[in-house]
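Before anything else, here's the structure in question.
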Amino acid sequence: MNSPKPRGLFVLDDWAYEQIYGQELDAAVRQRLEIVAPPLNGAALLKNLHLLQDVEVIMGGWGMRVMDETFLEAAPKLRAVFLGAGSVKAVVSEPFWRRGIEIVSAYSMNAIPVAEFTVAAIIFSLKHVWKYALGMQREKRYLPKTGTMPGAYRTTVGLISLGAIGRRTADMLKSYDLHVIAYDPQCSAAQAAELGVELVSLDDVFKRSHVVSLHAPWLPETERMITGAHFAAMRTGATFINTARGIIVREQEMIEVLRVRPDLTALLDVTKPEPPPPDSPLFTLPNVVLTPHIAGAMDEECRRLGHFLVEELDCFLAGNNSKWRLRREQMAWMA
């Protein structure tokens, strides 16, 4: 006789459920778990905590609430959480870690579209695409090439942080004839060598790179880490890309440098605040490109997270250890 399936629950926003799991992966999860209720977001679950009484596994995503003492008291049998998102900081707590509950995040899968976005942006930046595209649209005329264009041959790309996204970006850049340098005080020389990256200081990343791409996590020590002096030291015609967090950059100082250095370009997928206020110079500076926080998994890309989580669920149910299981000490480097 087959043993009963563990009981589970989907906890995430409606849109996140549809994009991460949908009918296809909902069915796959139900083959493995006895789902005790329809999908709920964090706010709805707070009003129905009794549903957690026998739940052993939560399939989560964006819109899940923090698993605090109240949540955990209502879920005495909870053994594992699979989160279709990047960072888990918004959903874990000290009581959660003390309980020893397993948690797996799809951060490694969410890193893929960010790295793809970044590499595309780097190649475009090395060709000064933003300068010419924005300039011709603004001036309504054809702009011939002026100045020196770096191109993607033996030029230097600088990465700030070699976490999941930075490492994947560095690995993807191996396909190009580029010299990649990076700042990451947590990265060893052996790890950097494996990635084909030269470790340098933060100052040198800005001084030497034709394109600088920021991938640092948001931590107390990284807040406002990037200063106006860093931008002022950039090479002529260099580009700065931020797909990490706006708070890591001293935005006003960056703006002041961009005003007096029209040769520089900033491609910002994130800002602080987000979105910028309507009167922000970021909307009007001719050398700023804004995108609405779209580097991470969007729409169909989110289904990659769901497939990953079903595979991780199988690993858990088989009693195997997952290399993607997160532990409290890893929270320091998660964004």
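We did not get these values from a lab; they are worked out from the coordinates using the rules stated. Being a predicted model, the structure only gives us computed values, none of them experimental. Please note: Cβ atoms are built from the backbone with ideal geometry, for glycine as well, and neighbour counts cover all protein chains shown.
Given [x] 52, 51, 39; [y] 75, 45, 34; [z] 55, 51, 45 as candidate values of Cα extents along the principal axes in Å, which corresponds to the one derived from the coordinates?
[y]
Now, a different point. In degrees between 0 and 90, to the nearest 10, how far off the longest principal axis of the chain does helix 164-173 point, with axes built from Cα atoms?
Between the helix axis and the principal axis of the chain, the angle is about 50 degrees.
Moving to a separate point now. Could you give each residue of region 180-194 its phi-based ³J(HN,Hα) in whole Hz, using Karplus coefficients 6.51, -1.76, 1.60 with θ = phi - 60°, and x for Gly or Pro?
Listing the rounded values in order: 9, 10, 8, 10, 7, x, 8, 8, 7, 4, 5, 5, 5, 5, 5 Hz.
Aspartates and glutamates near K127 by alpha-carbon distance under 15 Å, same-chain residues fewer than 8 away left out - which ones?
Those aspartates and glutamates meeting the cut-off are D177, D263.
Quick check: residue separation of A318 and E94 times 0.36 nm, minus the Cα distance between them. What number comes out in nm? Before the final figure, lay out the partial values.
Numbers: separation 224, 0.36 × 224 = 80.64 nm, distance 2.75 nm.
Using 0.36 nm per residue and subtracting the Cα-Cα distance, I get 77.9 nm.
Additional query: With a Cα-only, solvent-free Debye model of region 111-290, what are the log10 I(q)/I(0) values at q = 0.08, 0.13, 0.16, 0.18 Å⁻¹?
-0.23, -0.61, -0.94, -1.20
With θ set to phi - 60° and the Karplus curve 6.51 cos²θ - 1.76 cosθ + 1.60, what are the ³J(HN,Hα) couplings of region 83-99 in order, to the nearest whole Hz, using x for Gly and Pro?
Rounded to whole hertz, the list is 10, x, 7, x, 5, 9, 4, 6, 10, 9, 8, 4, x, 4, 5, 5, 6.
Starting at the first residue of region 52-62, write each ³J(HN,Hα) from the Karplus equation 6.51 cos²θ - 1.76 cosθ + 1.60 with θ = phi - 60°, in whole Hz, x for Gly and Pro.
7, 3, 10, 6, 9, 9, 10, 9, x, x, 4
Using alpha carbon centroids, what distance separates region 132-148 and region 9-32, in Å?
So the separation of the two Cα centres works out to 47 Å.
Can you give the charge dipole size of the chain about its Cα centre, rounded to the nearest 20 debye, using +1 on the beta carbon of Lys and Arg and -1 on the beta carbon of Asp and Glu? Can you show the working numbers first?
On the way: 36 positive and 38 negative charges, 139 e Å.
The calculated dipole for the chain is roughly 660 debye.
Turning to a different aspect of this structure: Give, in nm to one decimal, the length gained when the segment between E329 and E300 is fully stretched (0.36 nm per residue of separation minus the Cα-Cα distance). Walk me through the numbers before you get to the answer.
Working: separation 29, 0.36 × 29 = 10.44 nm, distance 3.18 nm.
Gain in length upon complete extension: 7.3 nm.
Considering only C-alpha atoms, what is the centroid distance from region 223-269 to region 34-73, in Å?
Taking the Cα centre of region 34-73 as reference, the centre of region 223-269 is 41 Å away.
Search the structure for amide H atoms under 5 Å from the amide H of S105, placed 1.01 Å from N in the peptide plane, and list their residues when 5 or more places away or on another chain.
Amide H neighbours of S105: L83, L326.
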